[in-house]
Amino acid sequence: MNLPALYHKSHAAPKKDVGQLIREYSSKWKWRLDGADSLIDVGSGPGDVLIDYIYPLMPANFTKIIGSDISADMVDYAQRFYHFVEKCEFLTLDIGSPKPLPQGLQGQFDHVTSMLCLHWVQNHRLALNNMFKLLRPSGGDCFLIFMSSHTIFDAYLHINKDPKWSPYITTDVQRFVSPLHGCDQTKDVFTQMMEDEGFCEVEVDLRPRSINYGTVENFKENIKSVCGLIEYIPKSKQDEFMDDFVALMSEYAAKTGDLSDSQSKCSMKYDLLIAYGRKTVTI
C-alpha cells in the first residue's frame, strides 16, 4: 500500500462498506463482563477504519486499543492524525513474519481485528497463528475482512506479462495477489485454516462487490494508492502505466458477465471474505 495521505482520502466506498459489515457482525463479539477489553487491529493503514468504526464499539472502560501496520509510513501517519484519541496507539507489526511476536503483544488482547489487510499477506496460516497468539490464554475472538479475489489481482498477473511493462517489474507480482485468488472453495479452505490454527466457532462468508468510480481520473487516483507495482515504474511513465492498469481492471470487470461495457468502465469487482473465530481457554 502506498501514499498514506492519498489512501486515507480515497476508497471511501469500500471503507464505508466495511464499516457496515463491522456493525453487522459486532453482535458476535464476546465482550468481557468487566468491560476492560483490549483490542489490536492488524493492518490499520492510516487508521481511519479502526477509529471510525471499531473504536466506537469499545466498552466505556476499555483498557487499550492498538492499531498496527507493516508500513512505518502508515504508522507514522496514523499516529500524527489520531494522536488525540484516548487509550489508542499505533505501532509497526508484520503479522506475516515467522519471527516471534514482541513480548509486549503476545497473549495481551481480548480481540484481534483486521480490515482490508490479509489479501496482502501471502502466508495466511502464519498470520492466523500469530493472531491466535495475540489473544489472551483466557480466550478472545478474531474478526477479519479482506478481499479474497479482485480484478486488481487479475491486472497484476496480466500486466506482468506485457512486454511494454514487464522490463520494469523487477519483483514477484504474486506477492501482491491474494493467496485465495482463483480458489474454487474459498470459504471451506479458509474455514479449515482457521480451525487448524486453533480457532473454534468459525464462521466464514463471502460477499461479492462492484464499485464504479465514475471517471477514469477518480479510478486512477483510488487505485494508485494501493497499486504495489507503481514504485517500480519510472515517474515519467507512471501516468501511462496507470492508464493501462485501470483499463485492464475494467476489462476483467466486464469479463464477469454481469456488467455491461459501459458499467464496467472505471469499475472494480471483488469478493469480500468475512471471518469470525474464537479462542477458548488454553492451559
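At-a-glance table
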item: Test: residue in the stretch 222-242 that is aromatic (Phe, Trp, Tyr) and within 30 Å of ARG278 (Cβ to Cβ); result: no
item: Condition broken by ALA155, with the remaining ones in (1) within 20 Å of TYR7 (Cβ to Cβ); (2) of a type in the set (A, V, I, L, M, F, W, C); (3) in a loop (DSSP other than H, G, I, E, B) satisfied; result: (3)
item: Filter result for GLY45 (closer than 20 Å to MET131 by Cβ, at pLDDT below 95 and among the small types (Gly, Ala, Ser)); result: yes
item: Residue within the stretch 202-220 that is small (Gly, Ala, Ser) and over 24 Å from the mean Cα position of the chain (by Cα) present; result: no
item: Condition met for PHE84 (farther than 18 Å from ILE40 by Cβ, among the aromatic types (Phe, Trp, Tyr) and part of a loop (DSSP other than H, G, I, E, B)); result: yes
item: Matching entry among SER166, SER250 (being more than 15 Å from MET147 (Cβ to Cβ) and either loosely packed, with under 12 Cβ neighbours inside 10 Å or touching a Phe, Trp or Tyr at 6+ places or on another chain (Cβ under 9 Å) (or both)); result: SER250
item: Long-range neighbours under 7 Å by Cβ, at least six apart or interchain, first residue surrounded by 13 or more Cβ atoms within 10 Å (Cβ to Cβ) within the stretch 17-37, second of a type in the set (S, T, N, Q); result: ALA36/ASN61; ALA36/THR63; ASP37/THR63
item: Only one of GLY228, GLY182 that is modelled with pLDDT under 95, exposed (fewer than 15 other Cβ atoms within 10 Å of the Cβ) and of a type outside the set (S, T, N, Q); result: GLY182
item: Residue satisfying condition, being within 30 Å of TYR156 (Cβ to Cβ) and surrounded by fewer than 22 Cβ atoms within 10 Å (Cβ to Cβ), within set ASP69, ASP76; result: ASP76
item: Some residue of the stretch 187-206 being under 30 Å from LYS265 (Cβ atoms) and part of a helix (DSSP H, G or I); result: no
item: Lone unmet requirement of (1) surrounded by fewer than 21 Cβ atoms within 10 Å (Cβ to Cβ); (2) closer than 15 Å to PHE199 by Cβ for GLY140; result: (1)
item: Of all residues in the stretch 212-225 being among the polar types (S, T, N, Q) and not in a helix (DSSP H, G or I), the one that is modelled with the lowest pLDDT; result: SER225
item: Residue in the stretch 268-280 that is outside any strand (DSSP E or B), touching a residue at least 40 places away in the same chain (Cβ under 8 Å) and more than 21 Å from LEU180 (Cα to Cα) present; result: yes
item: Of residues in the stretch 226-266 being under 26 Å from ASP73 (Cβ atoms) and in a loop (DSSP other than H, G, I, E, B), the one farthest from the chain's Cα centre (by Cα); result: PRO234
item: Given (1) over 22 Å from VAL177 (Cβ atoms); (2) surrounded by fewer than 22 Cβ atoms within 10 Å (Cβ to Cβ), index of the condition LEU135 fails; result: (2)
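The values are calculated or read from the model by the stated rules, or taken from the named source; none is laboratory data. These numbers come from a predicted model, not from an experiment. Positions of Cβ are backbone-derived with ideal geometry, glycine not excepted, and every protein chain shown enters the neighbour counts.
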